[in-house]
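Contents: one structure, followed by commentary.
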Amino acid sequence: MVIKSDIPRLAVFPQTAEVNNKGNLAIGGCDTVALAKEYGTPLYVFDETDLRSRCREYKTEFGKRYPKVIIAYSPKAFTAKAMLKLVAEEGLDLDIVTSGEMSIARAAGFPMERIHFPGNNKSFDELNMAMKYHIGHIVVDNLQELDMLIKIAGRKKVKILIRLNPGVDPHTHKYNTTGIADSKFGLPRGDWDEAVRTALLAKNLGVDGFHFHLGSGLFEVEPYLNAIDAVLKYAAELKKKYNFEIRTLSIGGGIGVQYLVGKVPPPVAYFAEAIAKKITGRCRELKLTPPMLIVEPGRKIAARAGMTLYTVGVIKEIPGIRTYVSTDGGISDNIRYAMYGEFARQEAVIANRVSARNTNKYTIYGKLCESGDVLIYDIMLPKLKAGDILAVSGSGAYSIPMQNNYNSMCRPAIVFVKDGKARLIRRRETVEDLMQRDLD
Ligand SMILES: *Cc1c(COP(=O)(O)O)cnc(C)c1O
């Protein structure tokens, strides 16, 4: 009998990961080797129990520390109709960036009034659509958008949040910072006053409050606290000046995920505790009524619940240099490591021999025509052979939405597993799918 703690890497796999009596990796009571056989590889596997418990963790940990909280899942991390349905069932809202995401939410039957819409370059059509469906909030990003919105709204009344760029460094990968002064997102400090004045004067806009989003993969709470401080101070000024009351404050998403065995971020509870305390305390000092708090997790909900299965193909040893292991996927199904480097490093195990000792050093590649087609550099694994099933952890967030069809690769299928049952929630792409938009 193998126990989970004997294999440290399983700590970063989905919650229900275990080694079954065949010595194979099982998730949600399903043997992953059998899943690979049934659905083919590459294959994304999501642990439904893990997904739901992350949703509940946010609701519980923020809910018990702060009186009015909305948790809004950011579907850009992983957009699938089944996922949006699950999120709706768990009572979360959505935080979308494009009309595409809005359309998918509608198709999944997501309640439109529970949708919030940031996005740094919304089109006329997107704003129109948001108004037509009466979504919860349009989150105004810039002055141009504000003008356009006032024109489009006409006589209708639209509820908005104003996205402020608080100029706070979240200490994460530079591609993942969104709230530093030098950013394309939100209103720069110099535009705050004009935006607020214009929005408050517009009879067709209901200014509910403010929004910020600092970045993704944050391990520290201080950036949130600094941004909250800046925004609440500003809200207090506006109260004096315009008798404006902040009713809603969105602090965006960004809480970091454990991708590696040795790199553990603080739990959601730690962030919730410090954030709730900060808002409550500052509101008391500044004589503001504590606003409704919106928290927008994406990565933290989906990343750990998802993993990818690959079949090992060619193993090429170049003595004294490295051993290349090619899989049947690559940067077409997970480009994150190629994009962000070690920051996006993931762990892996051999699904059909989970307990074997990690004796050999390999670099895991895909099958695409790019030397940058790498999934993991220099990872210790048991001695590999062709046909082994490689399970890569932490692929539930941002891997699937960033897939591509380079080399006419067909995008993998996705299954949800729970209580020993697997259900296909997205079929594998076919070559016919790839040609569907081509005209003769
Ligand atoms: C991307 C994004 C999020 C989610 O970020 P995570 O790091 O995945 O939690 C939340 N809010 C906004 C506005 C975003 O752009």
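When residues in segment 176-198 are screened for being surrounded by 14 or more Cβ atoms within 10 Å (Cβ to Cβ) and either over 18 Å from residue 232 (Cα atoms) or β-branched (Val, Ile, Thr) (or both), 8 of them pass. Looking at segment 246-267, is at least one residue in a helix (DSSP H, G or I) and at pLDDT 95 or above? Taking every residue of segment 246-267 in turn, none turns out to be in a helix (DSSP H, G or I) and at pLDDT 95 or above. Hydrophobic (A, V, I, L, M, F, W, C), outside any helix (DSSP H, G or I) and surrounded by 16 or more Cβ atoms within 10 Å (Cβ to Cβ), is that true of residue 207? Yes. Here residue 179 fits the description: within 16 Å of the ligand (Cβ to nearest atom), closer than 27 Å to residue 303 by Cα and out of contact with any helix residue (DSSP H, G or I) (no Cβ under 6 Å at 6 or more places or on another chain). May I ask you to verify whether residue 295 is in contact with a helix residue (DSSP H, G or I) (Cβ under 8 Å, 6 or more places away or on another chain), closer than 30 Å to residue 149 by Cβ and either of a type outside the set (D, E, K, R) or assigned by TED's automatic domain parsing to the domain that holds residue 331 (or both)? For residue 295, the condition - in contact with a helix residue (DSSP H, G or I) (Cβ under 8 Å, 6 or more places away or on another chain), closer than 30 Å to residue 149 by Cβ and either of a type outside the set (D, E, K, R) or assigned by TED's automatic domain parsing to the domain that holds residue 331 (or both) - is met. Going through segment 286-316 one residue at a time, which ones are basic (Lys, Arg) and within 19 Å of the chain's Cα centre (by Cα)? Listed by number, the residues that qualify are 299, 300, 304. Consider residue 305 carefully, then state whether it is more than 16 Å from the ligand (Cβ to nearest atom), under 28 Å from residue 58 (Cα atoms), among the hydrophobic types (A, V, I, L, M, F, W, C) and touching a strand residue (DSSP E or B) at 6+ places or on another chain (Cβ under 8 Å). Taking the combined requirement at face value, the residue does not satisfy it. The sole residue among 200, 164 that is within 16 Å of the ligand (Cβ to nearest atom), touching a residue at least 12 places away in the same chain (Cβ under 8 Å) and either in contact with a helix residue (DSSP H, G or I) (Cβ under 8 Å, 6 or more places away or on another chain) or not assigned by TED's automatic domain parsing to the domain that holds residue 292 (or both) is 164. Being assigned to a helix (DSSP H, G or I) and among the hydrophobic types (A, V, I, L, M, F, W, C) is the requirement here; does residue 195 meet it? It is true that residue 195 is assigned to a helix (DSSP H, G or I) and among the hydrophobic types (A, V, I, L, M, F, W, C). Applying the set (1) within 24 Å of residue 223 (Cα to Cα); (2) assigned to a loop (DSSP other than H, G, I, E, B) to residue 156 leaves exactly one unmet item: (1).
The values are calculated or read from the model by the stated rules, or taken from the named source; none is laboratory data. Remember, it's a predicted structure, so these values are computed and weren't measured experimentally. Cβ coordinates were reconstructed from backbone atoms using ideal geometry, including for glycine residues, and neighbour counts include every protein chain displayed.
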